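As structure tokens, the structure follows; a few thoughts come after it.
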Amino acid sequence: MKDYEINDETLAIIGVSETKARVVEKDDEYIVQRSAYEIIDNSCRYFGSSYEGRVAGSKSMLNAKYKLPIVIAEAQQLIFFPTESPITDNCIWISSKYFDHTSKDRNKAHVYFKNGKEIKTNCSSSCLNNQYVKATLLECIVNRRKNN
């Protein structure tokens with residue numbers, strides 16, 4: 001597969017290399033011939049912005065600077081957070097909508113989704129939980145502004 005837009009079925013985008021990513025959906029998985037960053041940026045553009053625009057919005061709302069969660073599509077409440085620097089080839093982007101919990105496996109963590117699917121990451125449970133908290137805060141701010 002060459003192109004992919006994040007949608008309501010997307011659980012995670014897993015960077016494999018600078019030209020390849022694994023997409024995990026509720027009921028399927030794909031290898032896409034694009035980096036995770038390219039999939040994120042293309043998806044932002046599909047929904048009317050860009051990665052840079054979404055990051056600028058997150059920085060402003062969260063008063064934070066790095067490893068920011070971003071709103072991919074506000075109407076569908078698609079908010080994703082990175083496990084590490086988004087420009088690295090092995091960054092994983094996780095849907096906050098479907099994130100359930102983590103478990104520790106040495107210094108690495110497993111992410112469990114609400115539908116029971118699981119992925120392994122290269123970061124700690126505390127890192128993942130902190131990223132999820134930032135994504136949840138972003139969602140709250142967006143919803144509050146939308147309702148005012």
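Quick note: the coordinates plus some simple rules give every number you see, no bench work behind them. Keep in mind that what you see is a predicted model, and the values were worked out from it rather than measured. FYI the Cβ positions are ideal-geometry reconstructions off the backbone, even for glycines, and counts take in every protein chain you see.
Computed values, structure above
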{"read-out": "Signed unit charges on C-beta, dipole axis of the stretch 23-126, positive-most listed residue A109, A75, G48", "value": "A109"}
{"read-out": "Residues F99, F47, F80 arranged by fewest to most Cβ contacts within 10 Å", "value": "F47, F99, F80"}
{"read-out": "Those lysines that a straight Cα-Cα span of less than 27 Å connects to K117, excepting residues fewer than 8 apart in one chain", "value": "K2, K20, K26, K67, K97, K104, K108, K134"}
